[in-house]
Amino acid sequence: MDKAMGAPSGAPQLRIDAGRLAARIDALAQVGAIPGGGVCRLALSEEDRAGRDRVVGWMRELGLAVSVDAIGNVVGVRAGLEAGPPVMTGSHIDTVRTGGRYDGNLGVLAGLEVIHSLNDAGIVTRRALAVAFFTNEEGARFNPDMMGSLVYVGGLPLAEALATVGIDGEAVGDCLHRIGYDGTQPCGQPAVHAYVELHVEQGPVLEAEGYTIGAVEGVQGISWTEYTVLGVSNHAGTTPMRLRHDAGYAACAIAHRARQIARELGGDQVATVGSMTLSPNLVNVIANKAVFTVDLRHTDELILQEAERRLQAFVDEIAAAEGVGISARRLARFEPVAFDPASVSLVEATARSMGLSVKRLPSGAGHDAQMLARVCPAAMIFVPSVGGISHNVREFTAPADVEAGANVLLQTLLKLAA
Ligand code: GLV
Ligand code: MN
Ligand code: MN
């Protein structure tokens with residue numbers, strides 16, 4: 001019997017070491033630590049460099065063959081009995097500015113823990129295994145999100161990605177070079193046989209309904225737009241309301257309308273204005289400029305398009321009514337993604353066979369797996385987020401759930417690699 005298929009019936013199944021995984025999660029969370037237990041490792045920052053160095057060090061200790069590609073994606077490969085494309089797992093280690101310690105990091109470190117467990121058990125899988133972390137998944141500094149995995153699958157030209165300027169005016173290519181992760185591996189190498197990613201749910205469903213594991217069926221569509229409103233600055237006390245061209249007011253009206261639209265469409269429609277800057281940003285000066293972002297998401301592409309249409313109609317209306325100019329810049333636009341049904345079923349069946357409760361659900365957040373799904377069968381495993389809290393320093397997943405998710409990842413990878 002192939003040792004990778006698991007122990008003979010009656011013998012205990014191989015398990016990951018939960019303490020060792022928790023220790024790596026804790027150690028990585030020290031890099032860029034912020035008050036409250038959270039992490040700030042914006043993509044391609046000095047903190048990201050330090051986090052990358054730490055994870056690459058662990059990859060090397062575990063005997064992985066590490067490559068870095070031209071957009072800074074890092075892949076560690078563990079050879080199998082046969083040559084050929086690896087079964088890949090992974091995620092990202094960049095965070096939002098006010099991030100938690102699980103988002104992305106869990107998927108990468110659980111992947112390393114799987115490798116560590118296989119090394120300890122002396123198991124060599126038939127297919128090679130790979131653990132990857134992809135550049136700038138968050139999109140908090142550079143748009144679009146999932147940038148590294150998008151380049152990996154050929155969905156964004158490398159030159160365009162490298163030229164992308166972030167919120168602080170720096171370009172991806174310059175930052176990559178500065179932190180020493182402008183690698184030589186051609187993007188998209190190695191080719192991938194199958195991809196499975198463990199991630200925290202980042203939403204409230206699994207916890208509220210009492211499930212341990214989510215078998216993720218797909219990822220909702222994402223529409224990110226930056227609007228710039230140009231009005232006229234004037235004295236806040238002397239300018240009659242009817243004579244204003246107030247960029248701040250127009251921006252806030254659009255933010256309000258975005259939320260109304262989400263309510264009107266109902267169901268899974270969400271809308272967020274997460275960033276807004278007014279100029280000159282003073283108490284007694286009407287703003288002449290507002291720059292803000294709108295994040296719209298839905299699992300149904302047609303409904304998402306309807307949300308975009310309704311918002312654009314209002315943007316035109318308020319621009320005329322207030323006498324301001326409004327321009328839009330698309331930051332990211334991804335249609336909803338359905339994961340490979342056989343891979344989703346494999347995750348579900350694997351978790352059930354381990355006695356774990358499983359719910360099929362869509363992902364509200366974007367993930368690298370949605371990009372890998374363009375080139376290979378892909379799936380995701382979710383574990384509960386306490387209180388549904390994420391992109392917040394309070395993000396937390398119970399140790400028992402982390403352990404369960406990592407064990408489901410281990411067994412799923414073993415099946416895919418057998
Ligand atoms: C990425 O984390 C996103 O879904 O915003
Ligand atoms: Mn993530
Ligand atoms: Mn995130």
> Restricting attention to the range 120-142, which residues are in a loop (DSSP other than H, G, I, E, B) and within 16 Å of ligand 2 (Cβ to nearest atom)?
Replying inline: PHE134, THR135, ASN136, GLU137, GLU138, GLY139, ALA140, ARG141, PHE142
> Which number in (1) within 13 Å of ligand 1 (Cβ to nearest atom); (2) under 24 Å from ILE16 (Cα atoms); (3) open to solvent by 10 Å² or more (accessible area, probe 1.4 Å) marks the one condition that SER91 misses?
Replying inline: (3)
>> For the condition part of a helix (DSSP H, G or I) and either touching a residue at least 40 places away in the same chain (Cβ under 8 Å) or open to solvent by 40 Å² or more (accessible area, probe 1.4 Å) (or both), what is the one hit in ALA319, ALA332?
In response: ALA319
>> Quick check on this structure: which one of LEU361, LEU304 is assigned to a strand (DSSP E or B), within 16 Å of ligand 1 (Cβ to nearest atom) and in contact with a Gly (Cβ under 7 Å, 6 or more places away or on another chain)?
In response: LEU361
> Is it fair to say ALA365 is under 21 Å from the mean Cα position of the chain (by Cα), open to solvent by 10 Å² or more (accessible area, probe 1.4 Å), within 15 Å of ligand 2 (Cβ to nearest atom) and not assigned by TED's automatic domain parsing to the domain that holds THR272?
Replying inline: yes
> Residues in the range 371-407 that are within 22 Å of ILE222 (Cβ to Cβ), among the aliphatic types (A, V, I, L, M), open to solvent by 10 Å² or more (accessible area, probe 1.4 Å) and within 16 Å of ligand 2 (Cβ to nearest atom): how many?
Replying inline: 2
> Is it the case that some residue within the range 86-106 is without any contact (Cβ under 8 Å) to a residue 60 or more places away in the chain and over 16 Å from ALA417 (Cβ atoms)?
Replying inline: yes
> For the range 198-248, what are the residues that are among the small types (Gly, Ala, Ser) and away from ligand 1 (no atom under 16 Å from the Cβ)?
Replying inline: ALA208, GLY210, ALA215, GLY231, SER233, ALA236, GLY237, ALA247, GLY248
> Of all residues in the range 259-270 being touching a residue at least 40 places away in the same chain (Cβ under 8 Å) and touching an Asp or Glu at 6+ places or on another chain (Cβ under 9 Å), which is farthest from GLY218 (Cα to Cα)?
Replying inline: ILE261
> Going through the range 384-418 one residue at a time, which ones are in contact with a Ser or Thr (Cβ under 9 Å, 6 or more places away or on another chain), within 16 Å of ligand 1 (Cβ to nearest atom) and either assigned to a helix (DSSP H, G or I) or on the phi < 0 side of the Ramachandran plot (or both)?
Replying inline: SER385, ASN392, VAL393, GLU395, THR397
> Which is of a type in the set (A, V, I, L, M, F, W, C), under 22 Å from GLU197 (Cα atoms) and touching a residue at least 60 places away in the same chain (Cβ under 8 Å), of ALA379, ALA349?
Replying inline: ALA379
>> For the range 120-145: of the residues being under 20 Å from VAL192 (Cα atoms) and of a type in the set (A, V, I, L, M), which is most open to solvent (accessible area, probe 1.4 Å)?
In response: VAL124
>> Please pick out the residue among SER117, SER149, SER67 that is surrounded by fewer than 24 Cβ atoms within 10 Å (Cβ to Cβ) and in a helix (DSSP H, G or I).
In response: SER117
> Among the listed residues ASP53, ASP48, which satisfies the condition of being more than 16 Å from ligand 3 (Cβ to nearest atom) and modelled with pLDDT of 95 or more?
Replying inline: ASP53
> Restricting attention to the range 190-205, which residues are open to solvent by less than 30 Å² (accessible area, probe 1.4 Å) and closer than 16 Å to TYR102 by Cα?
Replying inline: GLU197, LEU198, HIS199, VAL200, GLU201, GLY203
> Could you say which residue among ALA253, ALA258 is surrounded by 15 or more Cβ atoms within 10 Å (Cβ to Cβ) and out of contact with any strand residue (DSSP E or B) (no Cβ under 9 Å at 6 or more places or on another chain)?
Replying inline: ALA253
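The values are calculated or read from the model by the stated rules, or taken from the named source; none is laboratory data. What you are looking at is a predicted structure, and each value in this text was computed from that prediction instead of being measured. When we count neighbours, we look across all protein chains shown, and the Cβ atoms used for this are built from the backbone with ideal geometry, even at glycine. Surface areas here come from the heavy atoms of the whole protein model, side chains and all, with no ligands, DNA or RNA. Shrake-Rupley method; radii C 1.70, N 1.55, O 1.52, S 1.80 Å.
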